[in-house]
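Peer 1: What follows is a structure written as structure tokens; I'll ask about it next.
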Amino acid sequence: MTLSRFRLHGLSVLSVLLSAVAICGVASSSHAGKPKPKAAGAGLSAPFAVSWKFTGTQFTNNPAHPVVADNTIYYATGVRIYAMDAKSGALKWKYPTDTTLTSNILNTPAVSGGTVFFGTGDGLYALDASNGKQKWPHYNAKAGVVTSPSVIGNVVYFGSGDQKVYALDT
């Protein structure tokens, strides 16, 4: 491990620790003399009950995680992305519907302004969040999309395998 990688790793660990301390209220004096807030999930106790579960395309070691927006769960796995009702787990839509994508989805989708963005080995896709239909032809990133997209305002950002960061107006 090089010194620069060690410093970067050390800074990452330090920032995680400082974030954890700030969340727990240890580093903050704003709670002095007041009852400490309960941690998220403090009212839960084991064993947990499964409300629902959904099975999509099998993809071992899936790097993407579910995203929740407007009572919908968006979940990318393998060569498909799914939208499910957050309360019932019922499938709202899947993309593509009849076939599969030509390459795997290797990142977590982003949802903004009624659009679901996700990347594959051949580019960036934009789907209508309500029905899963493609909003426009995918942006062909020759080296693929290797990071999860991020959206700020009307711009979607992503990293590509060509070691460039792209900013696309939506």
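Peer 1: To the nearest 10 Å², what's ASP169's accessible area with a 1.4 Å probe?
Peer 2: ASP169 has an accessible surface of roughly 130 Å² with all protein chains in place.
Peer 1: Still on this structure, please answer the following. Over segment 82-153, what is the relative contact order in whole percent, taking alpha-carbon pairs under 8 Å and six or more residues apart?
Peer 2: Relative contact order for segment 82-153 comes out at 26 percent.
Peer 1: For segment 71-122, with every protein chain kept in place, what is the accessible area per residue (1.4 Å probe, Å²)?
Peer 2: Dividing the accessible area of segment 71-122 by its residue count gives 40 Å².
Peer 1: Would you mind telling me the share, in percent, of accessible area of segment 78-139 contributed by carbon and sulfur at probe 1.4 angstrom?
Peer 2: After summing per-atom areas, the C and S share lands at 52 percent.
Peer 1: Skipping prolines and chain starts, which residues have an amide H placed within reach, meaning under 5 Å, of the one on ASP122, given they are 5 or more residues away or on another chain?
Peer 2: VAL145
The values are calculated or read from the model by the stated rules, or taken from the named source; none is laboratory data. Quantities reported herein were computed from a predicted structural model and do not represent experimental measurements. Note: areas computed on protein heavy atoms with side chains; ligands, DNA, RNA excluded. Shrake-Rupley method; radii C 1.70, N 1.55, O 1.52, S 1.80 Å.
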